[in-house]
1. Could you count how many residues in the range 259-279 are open to solvent by 30 Å² or more (accessible area, probe 1.4 Å) and among the hydroxyl-bearing types (Ser, Thr, Tyr)?
2. Can you confirm whether the range 51-62 contains a residue that is at pLDDT 85 or above and either within 25 Å of Phe234 (Cβ to Cβ) or surrounded by 12 or more Cβ atoms within 10 Å (Cβ to Cβ) (or both)?
3. Among the numbered criteria (1) under 26 Å from Glu311 (Cα atoms); (2) open to solvent by 10 Å² or more (accessible area, probe 1.4 Å); (3) not in a loop (DSSP other than H, G, I, E, B), which one does Val80 miss?
4. Kindly list, by first and then second residue, each pair from a residue in the range 133-144 that is under 17 Å from Glu162 (Cβ atoms) to a residue that is outside any strand (DSSP E or B) and open to solvent by 10 Å² or more (accessible area, probe 1.4 Å), limited to pairs with Cβ atoms under 6 Å and residues at least 6 apart or on different chains.
5. Considering only residues that are under 18 Å from the mean Cα position of the chain (by Cα) and outside any strand (DSSP E or B), look in the range 83-116 and name the one that is farthest from Ile138 (Cα to Cα).
6. Name every residue in the range 240-251 that is assigned to a helix (DSSP H, G or I) and either open to solvent by less than 60 Å² (accessible area, probe 1.4 Å) or among the hydroxyl-bearing types (Ser, Thr, Tyr) (or both), in order of residue number.
7. I need the full set of residues from the range 146-161 which are open to solvent by less than 40 Å² (accessible area, probe 1.4 Å) and more than 17 Å from Thr253 (Cβ to Cβ), in order please.
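The values are calculated or read from the model by the stated rules, or taken from the named source; none is laboratory data. What you see is a predicted model; the values in this text were computed from it and never measured. Don't worry about glycine lacking a Cβ; one is built from the backbone with ideal geometry, like all the others, and counts go over all protein chains shown. What goes into the accessible areas is simple: the full protein's heavy atoms, side chains included, and nothing from ligands, DNA or RNA. Shrake-Rupley method; radii C 1.70, N 1.55, O 1.52, S 1.80 Å.
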Amino acid sequence: MEKKPLRQQIRSVLRWTGWVLLVQFLLINISTAFYADKLTRFYTNLPEGYSNSSGNIFTKSWKLFTGPRYPRSSNLEAPVFAIDTVRLQTKQGLAINAWYAPADTTAKGTVILFHGIGGSKMTLIDEVNEFRYLGYNIMMVDFRGHGNSEGNRTTIGYREAEEVRLAYDFVRQKGEQHIFIYGSSMGAVSVARAVYLYEMKPSGLILEMPFYSLQTYLKARATQIGFPAQPFAFFTSFWIGLEKGFNGYKHKTTRYAAAIKCPVLLTWGTLDHYVNEKEIRTIYEAIPGPHKRLVVYEGASHESLLRKDPEKWRTSTESFLQSLGQ
């Protein structure tokens with residue numbers, strides 16, 4: 001059998017290599033498109049005992065390829081103190097559920113609280129109780145797709161900024177002059193974006209563990225599920241943005257932080273698996289002006305910093321509020 005010329009052999013190898021790379025590119029895009037949809041959708045009808053890691057090897061492989069399914073959060077109970085249920089409405093017509101409760105004494109102001117992805121109003125009940133103890137009215141908000149609010153989708157802090165503005169406007173219309181906004185994780189990103197987008201002027205912000213960008217958040221998630229951080233994060237950011245109608249690569253907390261013009265208390269834990277030290281310090285540096293504080297919790301992960309270190313949380317939060325004359 002006559003041997004093919006070297007040049008023809010090289011062309012054949014390059015051709016097959018090109019086909020292999022093309023197939024891999026298509027598979028990566030198909031998989032990350034599935035993931036983008038699943039990561040931003042919450043399910044109310046998952047079978048009892050459903051687990052993203054359960055099943056035989058074929059089921060597990062399919063779940064790994066198409067992405068996990070996450071249950072929709074709920075508020076299984078209400079606070080022990082009296083609350084008024086508030087109904088806000090987004091431009092898309094989604095009903096946003098919130099609870100408002102006045103302070104037991106003359107209020108120092110109002111604190112509006114926003115939870116993280118997959119959470120709900122009641123996940124922040126400990127923080128709520130602390131602010132009430134300090135003498136503040138409180139407002140607890142369920143983001144779209146969470147708790148008692150309508151929808152089953154999230155944009156991981158992008159469109160949720162609308163809920164922040166709606167709650168802020170509600171409190172302001174009550175005549176409140178001292179409005180403070182607290183956000184945890186995705187909630188903190190949503191708060192920063194709302195201030196950037198709507199030029200809101202709260203009296204102060206408390207931002208706990210905001211992620212640096214959508215891409216860095218997805219890198220961290222990839223590491224946890226055993227995927228290589230890249231190209232997973234790059235392609236999934238693209239597909240989330242495409243499916244939700246925004247540029248996923250521009251969804252950055254540093255970009256939003258640069259527009260903040262009020263005092264900020266920024267907090268973070270040294271064992272946070274979603275936000276590293278370089279990222280949190282970059283966010284801190286992006287906040288203009290001298291009226292900002294960064295409080296680091298040693299040994300804390302991406303969790304309730306109040307429950308991790310109650311004394312430090314109370315001291316730093318009260319000190320921050322007192323520095324504002326509250």
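1. The qualifying residues number 2.
2. Step one: filter the range 51-62 for residues at pLDDT 85 or above, giving none.
No, that holds for no residue.
3. That leaves (3) as the condition not met.
4. Asp142/Asn148; Arg144/Leu94; Arg144/Gly151
5. Gly116
6. Going through the range 240-251, the residues assigned to a helix (DSSP H, G or I) turn out to be 240-244, 248-250.
Of everything in the range 240-251, those that are assigned to a helix (DSSP H, G or I) and either open to solvent by less than 60 Å² (accessible area, probe 1.4 Å) or among the hydroxyl-bearing types (Ser, Thr, Tyr) (or both) turn out to be Ile240, Gly241, Lys244, Gly248, Tyr249.
7. The initial filter retains those residues of the range 146-161 that are open to solvent by less than 40 Å² (accessible area, probe 1.4 Å), namely 146-147, 149, 151, 154-157, 160-161.
The answer is His146, Gly147, Ser149, Gly151.
Let's see how each residue does on (1) under 25 Å from Phe131 (Cα atoms); (2) surrounded by fewer than 18 Cβ atoms within 10 Å (Cβ to Cβ):
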residue	(1), (2)
Ala229	no, yes
Ala257	yes, no
Arg281	no, yes
Tyr284	yes, yes
Leu305	yes, no
